[in-house]
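Colleague: Got a structure for you, questions after.
Taken together, the values in this text are just the output of simple stated rules run on the coordinates, not laboratory data. Predicted model, so just to flag it, every value in this text is computed and none were measured. Note that we place each Cβ from the backbone using ideal geometry, even for glycine, and neighbour counts take in every protein chain shown.
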Amino acid sequence: AEFNIGEGVIDHCFLIGAPVASDEGEWAVVRSIVAGRLVNAFHTTDKSLQSGWQITYKGGAAGGSRQKLFGVENVDITGIVT
């Protein structure tokens, strides 16, 4: 079997309101590095995260939206965190 450098080196990863790109290709790389759970906890009304990210990178931030890649668990924390 072929082994890629870095594959599965992280046990579990929880990203909470993360100011990271929503790019599916980048998430696929992260998914390959995480052996266990990859959790994206997002807040749909986090205006500071969304506006600052859009001004800088012209796109959405993962911490403000659901990710559609297989193997990424999405948890909406909008009603929990104010």
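Colleague: What net charge is computed for the residues neighbouring His12, neighbours being all others with C-beta under 12 Å from the C-beta of His12, Lys and Arg scored +1, Asp and Glu -1?
Modeller: -1
Colleague: If each of Arg66 and Arg31 carries a label point 7 Å out from its Cα toward its Cβ, how far apart are those two points in nm?
Modeller: 1.5 nm
Colleague: What's the local net charge at Phe42, with K and R +1, D and E -1, over the other residues with C-beta under 10 Å away?
Modeller: On the way: positive: Arg66; negative: Asp46, Asp76.
With Lys, Arg at +1 and Asp, Glu at -1, the net is -1.
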